[in-house]
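A quick write-up on the structure given underneath.
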Amino acid sequence: MSLQQEIERRRTFAIISHPDAGKTTLTEKFLLYGGAIQTAGAVKSNKIRRGATSDFMEIERQRGISVSTSVMTFHYGGKLINLLDTPGHRDFAEDTYRTLTAVDSVVLVIDCVKGVEAQTERLMEVCRMRNTPVIVFINKLDLEGRDPFDLLDELEEKLSIKVRPMSWPIGIGATFQGVYDLHSMGLRLFDPGKTKVEQTSERIDDVMDPRLDTLVGEDPANELRANVELIQGVYEPLSVQAYREGRIAPVFFGSAFNNFGVKEVLDAFVAIAPPPGPRPTDQGEVSPEDPRFSGFVFKIHANLDPNHRDRIAFLRVCSGRFERNTYYKHVRLEKQLRFANPTSFLAAQKSIVEEAWPGDVIGLFDTGNFKIGDTLTDGAAFNFRGIPAFSPELFRELVNLDPMKSKQLEKGIRQLTDEGVAQLFTQQPGNKKIVGCVGELQFEVIAYRLEHEYGAKCAFQQIPAYKACWMTTTDEAALDQFIRVKAQQIVQDKDDNPVFMAPSSYMLDLERRNNPEITFHTTSEFKTAIAD
Ligand code: G4P
């Protein structure tokens, strides 16, 4: 197959949701359709279960599972689909943001009872930053959920995207009877008993057809007619181009648990989701059709076996063809590297691959060469852009509890932060280390892993910091002056960029007003500042 054909048949995406909305359940149903798994229950939830065992043990268990489910590859509708897993726990949201840089589209799952939840908004902000195309699946229609029109309004309002319903539910919860497919004009009746078999489907080209009354009852049929009329009048028809540009999101209704409405989403996905697209670099865009290989690392798993310092770097192929046992250029280190055992992932199995194409994700065994965001090419010296660091929400000073082990602590915290577990900031003089995380749980993980993998004991001390702000300016002298005056609150990120640690939202606003020539960003990418 030619490069062009390989690209055209690939679809690389992630399913995102607020925890508990049904991501794992939907993933499992997709894999069942794709034949990648045979039985329900084969996909392990990647949620961190609090309580049952120690959180650290749970995290170790999760790290084991999440390597094997990091990328799930399956075939459906003539396409080769790479489904990238995202962590189920809010504290690991940053990992999800990075994974979103490696996909070409997403499926967003919303719980119809809860509507748009906090984490959904955050994840969608990241999608909006890169105009990632989104398909929405409103799940759990078998429960007493909210009014579908309200849910659509909420989606448009909170996620700042236009929506277009592709199906419409008839009843909800106890009165849920099925969905009317607005695209193929078919009625799909719900039978909660049949969880794995195809649901019955009736073709009704016109909602005025009296068969509708016989099938769902007169009142629900009339309500559907009124709703369909309203939808056709209010919502723009779906333009595939607008969807691919991230301007409009098709919305489906169903119940993942009951395998209802899942096939429609998958069918729509293979019909409209984009193949691997161009990616921005510091020297312009790289097209997947460029025959010269390039890719970037978006995720690293380290020290799965504490006896071996083994790490797997996950690389997304962006252009050309990757081949096993070939030398490639590690741009940051200006070093040639060769990979004897690159792996692909098919559900739980790992296998060695000879080649990979744009849109594919491969696992590279790493002895410590990679950091998140690193670029690999067949010789060119550009770097992929767009692996932003987001300001952490919690900051603690790392305190060494065993002065004899300071080297181990230094190495450990560097490696863990390369892996993206947390962000590390240093303050000079004194080499003070400040660790920034999204959630409390990550501090526990770091302390545990530093002790068990590096033999270094540490504690975390509260510090008054509200946001890490990267800075750009129109006036270098003013920025230098600001950095001098605020030395107490200036730290360096891992790439030695100066970062202002705003102590509070009030102080950040004040500095913004007092220093109009400096722009304070809460992401390191500077395109869009995520709302504070
Ligand atoms: P997540 O990965 O997004 O966190 O969600 P997950 O799929 O694990 O689903 C969360 C819970 O919601 C699960 O129940 C799951 O069975 C349930 N669920 C998923 N889809 C539907 C649906 O369409 N209808 C209903 N009623 N429930 C649904 P659980 O009790 O937490 O877990 P389990 O014991 O069933 O695994």
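The values are calculated or read from the model by the stated rules, or taken from the named source; none is laboratory data. Please read all numbers here as calculations on a predicted model, not as lab measurements. When we count neighbours, we look across all protein chains shown, and the Cβ atoms used for this are built from the backbone with ideal geometry, even at glycine. What goes into the accessible areas is simple: the full protein's heavy atoms, side chains included, and nothing from ligands, DNA or RNA. Shrake-Rupley method; radii C 1.70, N 1.55, O 1.52, S 1.80 Å.
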Scope segment 143-160; condition in contact with a helix residue (DSSP H, G or I) (Cβ under 7 Å, 6 or more places away or on another chain) and either of a type in the set (Ser, Thr, Tyr) or in a loop (DSSP other than H, G, I, E, B) (or both); matching residues = LEU143, GLU144, GLY145, SER160
Tabulated pairs, segment 249-275, first at pLDDT below 95, second part of a helix (DSSP H, G or I) and of a type in the set (S, T, N, Q), C-beta under 7 angstrom, 6+ apart or interchain = ALA256/THR25; PHE257/THR25
Scanning segment 480-518 residue by residue, the ones that are without any contact (Cβ under 8 Å) to a residue 40 or more places away in the chain and either open to solvent by 20 Å² or more (accessible area, probe 1.4 Å) or in a loop (DSSP other than H, G, I, E, B) (or both) total 23
Filter segment 394-434 for residues that are touching a residue at least 60 places away in the same chain (Cβ under 8 Å) and in a loop (DSSP other than H, G, I, E, B) and give the result.
-> GLU419, GLY420, GLN428
Condition test on ARG279, is it farther than 25 Å from LEU151 by Cα and within 22 Å of the chain's Cα centre (by Cα)?
-> yes
Failed item in (1) open to solvent by less than 50 Å² (accessible area, probe 1.4 Å); (2) assigned to a helix (DSSP H, G or I); (3) in contact (Cβ under 8 Å) with a residue 60 or more places away in the chain, with LEU224 passing the rest | (3)
Looking at (1) at pLDDT 95 or above; (2) more than 30 Å from ILE231 (Cα to Cα), find the lone condition where PHE137 falls short.
-> (2)
Identify, please: which residue in segment 100-123 is among the β-branched types (Val, Ile, Thr) and away from the ligand (no atom under 16 Å from the Cβ) and is, among those, surrounded by the most Cβ atoms within 10 Å (Cβ to Cβ)?
-> VAL103
Quick one: how many residues across segment 250-283 are more than 13 Å from LEU108 (Cα to Cα), in a strand (DSSP E or B) and away from the ligand (no atom under 16 Å from the Cβ)?
-> 4
Residues of segment 124-141 being under 23 Å from VAL240 (Cβ atoms) and either outside any loop (DSSP other than H, G, I, E, B) or within 16 Å of the ligand (Cβ to nearest atom) (or both), in sequence order, are MET124, VAL126, CYS127, ARG128, MET129, VAL134, ILE135, VAL136, PHE137, ILE138
Subset of segment 142-188 that is open to solvent by 30 Å² or more (accessible area, probe 1.4 Å) and in contact with a Leu (Cβ under 7 Å, 6 or more places away or on another chain) - its residue that is nearest to the ligand (Cβ to nearest atom) = ILE172
Return yes or no: is THR12 among the β-branched types (Val, Ile, Thr), modelled with pLDDT of 85 or more, within 14 Å of the ligand (Cβ to nearest atom) and not in a loop (DSSP other than H, G, I, E, B)?
-> no
